[in-house]
Amino acid sequence: MGLVGAEGVRDGGAALPHGFWAAVRVWLEKPQVANRRLCGAAIEAEGTVPLGEGGEASPPLAAVRVGGSGAGQEERAVSAGAAELGRLWSEVRGQLPAAQGHLPPCLTPWGGQGHRSELRAVLRTLLPRGRTVGPPAAPVKELAVQDAYNGTVTFLPLEKNSEGKYQIKKCNIYQIQLTHIKDEEWSVSIVVPFPEDWFSDGTAYPKLAWLGNELLSKLAKWSVEQKPSEFKSTLSLISVAKYSKVYQDLKEKYKEMVKVWPEVTDPEKFVYEDVAIATYLLILWEEERKEKGLTKKQSFVDLGCGNGLLVHILNNEGHSGKGIDVRRRKIWDMYGPETHLEESTIMPGDSHLFPDTNWLIGNHSDELTPWIPVIAARSSYSCCYFVLPCCFFDFRGKYSRRQSKKTQYREYLDFVAQVGFVCGFHVEEDCLRIPSTKRVCFIGKKRTYPPAECALIDKQITQYINNRQTCAVVLCDRRVGFNHKDHSEGVCKEAGSELPENESETVGRIWMPGFHPREKVEKIRNCASLPRNFVDDVVLSVANLLLNAAPQESSSDMHGGNMNTWNQGGEIVFPLYYLLLLLIEGIFSNEFTFLNGRVHIRDWRKEKPSRKTKPEVKRCLSAEAFKTRLCWFFIHHPDGCSLSSESCPYAHGTEELRQSQVIKKKKHIQ
């Protein structure tokens, strides 16, 4: 009666029952991977809760893990946390049927007849992703009770009564069960004792259909999925609860930047990504101040700061620092004098050290990425760094792959981490929550050597950089994986290493002669900036070649019985290079079709409509753009447009032209 859903799974690799508990752990610690309306969960306390036969009172609890998500989540015996969880467990068990710790009849009971069971209890707080409308709701707390003997985990929602004590919200109790059918056949199911009373708040507790479909299918998949992730969990080094609050505050504070963004880049992506990175750094630095007993906020330098928004946010939040980039952006003028940005070329060397700076930041810093740990190590013993790798660069030029057993991204991340190890940092890896495929960051805030060994580490860094470059030339490094303790191998001698004349004067200041920073003026690498009249001439020339080529079978308009023929022309075989030029940016996609290196005049009557229904936003954009441009075929093709005026989205003559409207993207808020 209370069964919400069940899904069979086949375990051919001996993943169960361990895989089931791993899946439950994901749902406990990272519910946001299934429920997108959650930001995460804070694990407040965890420990064993013995359940004696008959449900009598239990002895004192064993070691309990307390604390939020992140910050290492270390196992430690804390008597205060154990006592708090023990009191909560006593209160909760007393509210169950007969006050004996029994579950409602449709749920699998804890323990077994004549079996003394030891349960494990996890107290968690669910964190909503966005701000709620109206006054903030009370935090949603749950006590999850795992029974390994019966293969169940029971979720008991908690709410405070008028006396400030927790009581079970019985209408939203649910249980996840694992059942062994036979041989390799298992079943994962979700049971709710009171489905008719289920209360859905749309955030922490979706509808029962969601539990039985979305959550159940994910749990079943995770239970037998044995492929380990090559990346860390998101926000593993900081408190998810604190991140959620600070992020929402900053997002609200800087949301107006989206409306006034002057750059050609997507404002929502860049604004909210920098807000997320700033949130992470602010929490990370706050924890560092607590650890070190500091009161003054950390200073920073953002190397390759780009649009400078991250610098702007950090400056506004009380951290002194500046951003440096080779090219000034238009948005810099909007920040005001409190935001410190500098247009300058950064050359890794003695002239670009920052001995008075606490942190160096490399946020998508391209060719500077591997140099960030080096600059931090040589700036001062107390200088730390944060780097978010994106494009793959070595110390000089593009990064060349050396391994085939890893993805290119993972291999490059390992290289950046190795640089940090060589520079004497204890490197920590984390994964950010940003709208980007490159989300892994590295943090170096502790050293692996005493201050007296700075000269030795500096020599080690120089040797590693030289070895890296010379071995890249002769392909002598073919190892799979890396070990940061193996960086002291012999240095290869590079033949012909004399410096060019224009670089010999700076040999005492530049660490890598031949290093090429980004150019001050960004090169345009597509056809978007070509003069419009030039593009029009190219289109007409190609069209005339096709119309004068050997014609194909005549094409007739069969719509409505109209048999008028329309000249499709012939075809041209283009060399690949020129074909790619035509395809860039899709400039000619309306006039021509490209298939197997052959170019044809496009016949819009043959275009197949999309099988999928267009999203509402795209339908709106199509309607707004309708008849705002003249039809190229109507003007230039000898037979006019193959579509009727009613069917063609372009204007057949100036009398059909509509005034173009500025179309703004509307964000869909869930």
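The values are calculated or read from the model by the stated rules, or taken from the named source; none is laboratory data. All figures in this text were calculated on a predicted structure; none of them were measured in a lab. So basically every Cβ, Gly included, is an ideal-geometry build from the backbone, and we count neighbours across all protein chains shown. For the accessible areas, the whole protein counts, side chains as well, though only heavy atoms, and no ligand, DNA or RNA atoms are used. Shrake-Rupley method; radii C 1.70, N 1.55, O 1.52, S 1.80 Å.
Determine whether Ala6 is under 19 Å from Thr154 (Cα atoms), modelled with pLDDT of 90 or more and in contact with a Lys or Arg (Cβ under 8 Å, 6 or more places away or on another chain). Walk me through it before giving the result.
Details: under 19 Å from Thr154 (Cα atoms): yes; modelled with pLDDT of 90 or more: yes; in contact with a Lys or Arg (Cβ under 8 Å, 6 or more places away or on another chain): no.
No; evaluated as a whole, the condition is false for this residue.
Looking at the range 358-393, which of the residues that are part of a loop (DSSP other than H, G, I, E, B) and in contact with a Lys or Arg (Cβ under 7 Å, 6 or more places away or on another chain) is surrounded by the most Cβ atoms within 10 Å (Cβ to Cβ)? Please lay out each step first, then the result.
Kept after step one, since they are part of a loop (DSSP other than H, G, I, E, B), are these residues of the range 358-393: 358, 364-365, 369-370, 380-383, 389-392.
If we keep only those that are in contact with a Lys or Arg (Cβ under 7 Å, 6 or more places away or on another chain) as well, we get 381, 389-390, 392.
Numbers: Tyr381: 15, Pro389: 25, Cys390: 18, Phe392: 20.
Among residues in the range 358-393 that are part of a loop (DSSP other than H, G, I, E, B) and in contact with a Lys or Arg (Cβ under 7 Å, 6 or more places away or on another chain), the one surrounded by the most Cβ atoms within 10 Å (Cβ to Cβ) is Pro389.
Given the conditions (1) modelled with pLDDT under 85; (2) more than 21 Å from Gly47 (Cβ to Cβ); (3) open to solvent by less than 60 Å² (accessible area, probe 1.4 Å); (4) touching a helix residue (DSSP H, G or I) at 6+ places or on another chain (Cβ under 8 Å), report the number of the one that His102 does not fulfil.
(3)
Would you tally the residues in the range 394-416 being closer than 14 Å to Phe231 by Cβ and in a loop (DSSP other than H, G, I, E, B)?
Of the residues in that region, 2 qualify.
Can you tell me which residue in the range 394-416 is nearest to Ala278 (Cα to Cα), limited to those that are open to solvent by 50 Å² or more (accessible area, probe 1.4 Å) and small (Gly, Ala, Ser)?
Ser400
For the range 312-348, name all the residues that are in a strand (DSSP E or B) and farther than 17 Å from Tyr385 by Cα. Reasoning before the result, please.
Going residue by residue through the range 312-348, those that are in a strand (DSSP E or B) are 321-325, 341-343.
Hits for the range 312-348 are Asp325, Leu341, Glu342, Glu343.
Kindly indicate which of Val153, Val246, Val260, Val145 is touching a residue at least 60 places away in the same chain (Cβ under 8 Å), open to solvent by 10 Å² or more (accessible area, probe 1.4 Å) and among the hydrophobic types (A, V, I, L, M, F, W, C).
The conditions single out Val260.
Give the number of residues within the range 417-437 that are out of contact with any strand residue (DSSP E or B) (no Cβ under 8 Å at 6 or more places or on another chain), free of Cβ contacts under 8 Å to residues at least 40 places away in the same chain and either part of a strand (DSSP E or B) or surrounded by 16 or more Cβ atoms within 10 Å (Cβ to Cβ) (or both).
Summing the residues that are out of contact with any strand residue (DSSP E or B) (no Cβ under 8 Å at 6 or more places or on another chain), free of Cβ contacts under 8 Å to residues at least 40 places away in the same chain and either part of a strand (DSSP E or B) or surrounded by 16 or more Cβ atoms within 10 Å (Cβ to Cβ) (or both) in the range 417-437 gives 0.
In the set Val440, Val480, Val538, which member is over 23 Å from Phe395 (Cβ atoms), among the aliphatic types (A, V, I, L, M) and either exposed (fewer than 11 other Cβ atoms within 10 Å of the Cβ) or modelled with pLDDT of 65 or more (or both)?
Details: Val440 fails: over 23 Å from Phe395 (Cβ atoms); Val480 fails: over 23 Å from Phe395 (Cβ atoms).
Of the residues listed, the single one that is over 23 Å from Phe395 (Cβ atoms), among the aliphatic types (A, V, I, L, M) and either exposed (fewer than 11 other Cβ atoms within 10 Å of the Cβ) or modelled with pLDDT of 65 or more (or both) is Val538.
Val24 - would you say it is crowded, with 20+ Cβ neighbours inside 10 Å, part of a helix (DSSP H, G or I) and modelled with pLDDT of 90 or more?
For Val24, the condition - crowded, with 20+ Cβ neighbours inside 10 Å, part of a helix (DSSP H, G or I) and modelled with pLDDT of 90 or more - is met.
Given the condition part of a loop (DSSP other than H, G, I, E, B), modelled with pLDDT under 50 and open to solvent by 60 Å² or more (accessible area, probe 1.4 Å), answer yes or no: does some residue in the range 455-477 qualify? Even if it seems obvious, please write down each step before you answer.
First, pick out the residues of the range 455-477 that are part of a loop (DSSP other than H, G, I, E, B): 475-477.
Narrowing further to those that are modelled with pLDDT under 50: 475-477.
Filter once more, so that each one left must be open to solvent by 60 Å² or more (accessible area, probe 1.4 Å): 475-476.
Yes.
Inside the range 9-21, can you point out the residues that are closer than 29 Å to Arg433 by Cβ and either among the β-branched types (Val, Ile, Thr) or modelled with pLDDT of 90 or more (or both)?
His18, Gly19, Phe20, Trp21
Here are some residues: Lys165, Lys169. Which one is closer than 23 Å to Ile43 by Cβ, among the basic types (Lys, Arg) and surrounded by 15 or more Cβ atoms within 10 Å (Cβ to Cβ)?
Answer to the selection: Lys169.
Hey, any hits in the range 297-312 for a residue that's open to solvent by 10 Å² or more (accessible area, probe 1.4 Å), assigned by the TED database to the domain that holds Arg396 and of a type in the set (Asp, Glu)?
No; the residues of the range 297-312 include none that is open to solvent by 10 Å² or more (accessible area, probe 1.4 Å), assigned by the TED database to the domain that holds Arg396 and of a type in the set (Asp, Glu).
Yes or no: Val275 crowded, with 19+ Cβ neighbours inside 10 Å, closer than 27 Å to Trp332 by Cα, at pLDDT below 95 and aliphatic (A, V, I, L, M)?
Answer is no for this residue.
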